[in-house]
1. Based solely on its DSSP helices, what 222 nm [θ] is calculated for the chain when runs of n ≥ 4 H residues each add -39,500 (n - 2.57) and the sum is averaged over all residues, nearest 500 deg cm²/dmol?
2. May I ask you to give the solvent-accessible area per residue for segment 78-201, in square angstrom, as obtained with a 1.4 angstrom probe?
3. For segment 86-201, which whole-number percentage of the solvent-accessible area (1.4 Å probe, protein heavy atoms only) is attributable to carbon and sulfur atoms?
4. Show Arg88, Arg34, Arg114 ordered by accessible area, largest first, where the area counts protein heavy atoms only and the probe is 1.4 Å.
5. Hey, what do the phi angles of segment 142-153 turn into as Karplus ³J(HN,Hα) couplings, whole Hz, using 6.51/-1.76/1.60 and θ = phi - 60°, x for Gly and Pro?
6. Cα centroid distance between segment 51-88 and segment 108-123, in Å?
7. Using a 1.4 Å probe, how large is the accessible area of Thr151, given in Å² and rounded to the nearest 10?
8. For a quick protection proxy, order the peptides 24-31, 176-183 by their average other-Cβ count within 10 Å, most packed first.
Amino acid sequence: MNKVPYSTEHDLSCIGSLDELKEMALSCRRCGLREECSGVVFGEGNPVARLMLIGEGPGAEEDRQGRPFAGKAGQLLDQILGAIGLERFEHTYIANVVKCRPPGNRVPRPEEARQCLPWLYRQIELLSPALIVLLGGTALQNLVDPQARITRARGQWLQSKSGIKIMPTYHPAALLRDPGKKRPVWEDFQKVRDEFLLLHL
Ligand code: SF4
């Protein structure tokens, strides 16, 4: 479990910039999720960030604002980043496995994720981050291994074929439901901070 797949049947390799990719993605209707949401939540952050964060999908607030991690889980994520000396818009770029809100915040279905992942893969290629934090089991299972469990995989660095270091940890929404997960997430983000600081030596 140490490789991230980057092959895609939906070939976006000719798209040369994040702005161009976003413009295309905003009109995407490749899966049924778009029928029931307000719009595509592409992702945001520093386009030259070395650290990328990947969650599951937009929730109600994210759907309303058109921004990832705009609700309570996003506020908690900002606090976590602040605690390790990072600021979301300066140091990170944030996206999700699916870019349209699943109804009732259900987990995206495998077919929905399969349709949407080419956008994310191209985002990763264009950003070329050194580090990726996978926030929650959905990101872990769709980007690394469908059989993986976040409870077992969190806290250990993985590596993609292209050399990106990947840290799985719990989704901030899981912390809101279970404060007992705060300590492991804190430990995981300390590892991320240590690796992030090494990038700037
Ligand atoms: S979830 Fe992804 S694949 Fe489905 S319509 Fe939205 S952007 Fe397109």
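The values are calculated or read from the model by the stated rules, or taken from the named source; none is laboratory data. Just so we're clear, the structure is a prediction, and the values are computed from it rather than from any experiment. Here the Cβ is made from the backbone with ideal geometry for all residues, glycine too, and neighbour counts use every protein chain on show. To get the accessible areas, we keep the full protein, side chains included, count just its heavy atoms, and leave off ligands, DNA and RNA. Shrake-Rupley method; radii C 1.70, N 1.55, O 1.52, S 1.80 Å.
1. Details: 10 runs with 87 residues, N = 201.
About -12000 deg cm²/dmol.
2. Details: 5650 Å² over 124 residues.
For segment 78-201, the solvent-accessible area averages 46 Å² per residue.
3. Values: 2650 of 5270 Å².
Solvent-exposed carbon and sulfur of segment 86-201 make up 50 percent of the total.
4. Numbers: Arg88 10, Arg34 40, Arg114 110 Å².
Ranked from most to least accessible, the order is Arg114, Arg34, Arg88.
5. Result, rounded to whole Hz: 7, 9, 10, 7, x, 8, 5, 10, 5, 4, 8, 7.
6. 19 Å
7. Per-residue accessible area (Thr151): approximately 90 Å².
8. Sorting 24-31, 176-183 by mean packing, highest first, produces 24-31, 176-183.
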